[in-house]
């Protein structure tokens, strides 16, 4: 199982150090990937731009959107061009986790049709694939033939059908190792039903904060980001790994579940969190 680390692009207070210095430290520490999460109606860094900054100061680490809410980017040709550019600049290190999203305020400020977001996502996948195959005048060609891998995010039945029909795998946006096991079975059923060979790539995430003020960091960072969920936001806060034993337990559980990669997303923008995570995992 690969172990990646999230960029704190959606943690309030993030600055250049939380992207550039963080990315350098993450690559030096040997993490497999740098991940981003996505919002529009929030005080956060945009995912693709944050990954472009990380790409410029790294050489090997993968760059993962986990996830990017693509229906909010209504100009699909521009989105495909941005992704291809990032893939080209990073020498083929981009992995696109994509999903329809679940916040109406993001859709409202983006001027997009919230109820139609699933249909829009399906259409975007088809159009991006055409562009990346060179069937339109839109360039540059991505470094990865046919475009970067697409991991489909979500937990609805439509998600697993979409992943099997048009994706390269699935990413679980939150949940336990047991949740992953149950959903993975559904994914494989749909994968086989769609006549797909091989195995889908799988990914999962969890949140962490380490150090003497870890619980306060989780409360401030995750409580703010997930405030729109109401009382459920506190469950997200409490699920964060705020000590080394809990963190190692999550890692062991996901390894046993069979997931291909986990991304440990931070609740603090302090680059020291990279070193704390690396140390806890040794």
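The numbers here are math on the coordinates, done by the rules we state, and not lab data. A quick note: this is a predicted structure, and the numbers were derived from the prediction, not measured. FYI the Cβ positions are ideal-geometry reconstructions off the backbone, even for glycines, and counts take in every protein chain you see.
Details
- Separation between Cα centres of the range 203-282 and the range 28-45, rounded to whole Å: 13 Å
- Choice from 157, 71, 142 showing the highest fluctuation, given a GNM over the chain with Cα pairs closer than 10 Å: 157
- Ascending count of other beta-carbon atoms within 10 Å, so fewest first, for 256, 190: 256, 190
- Helix 76-89 and the long axis of the chain differ in direction by around 60°, with both axes built from C-alpha atoms.
- Ordered by the count of other Cβ atoms within 10 Å of each Cβ, fewest first, 245, 21 give 245, 21.
- Ordered by the number of other Cβ atoms lying within 10 Å of each residue's own Cβ, fewest first, 93, 282 fall into the sequence 282, 93.
- Axis angle, to the nearest 10 degrees, between helix 177-193 and the longest C-alpha principal axis of the chain: 10 degrees.
- What the pair-distance distribution of the range 2-281 shows, using all Cα-Cα distances binned every 5 Å from zero, is 1, 6, 13, 17, 20, 19, 14, 8, 3, 1, 0 percent.
- Full-stretch length increase - residue 21, residue 272 - with 0.36 nm per residue and alpha-carbon distance subtracted: 89.4 nm
- 0 to 90° range, to nearest 10: angle between helix 20-29 axis and the chain longest Cα axis: 80 degrees
- You can think of it this way: the chain between residue 192 and residue 126 has 21.7 nm of extra reach, that is 0.36 nm per residue less the Cα-Cα gap.
- Estimated purely from DSSP H runs of n ≥ 4, each contributing -39500 (n - 2.57), the mean residue ellipticity at 222 nm for the chain is -14000 deg cm²/dmol once divided by its residues.
- Normalised by the number of residues in the chain, the mean separation of alpha-carbon contacts (under 8 Å, six or more apart) gives a relative contact order of 22 percent.
- Pairwise FRET efficiency - residue 232 versus residue 108, Cβ, R0 = 25 Å, nearest 0.05: 0.70
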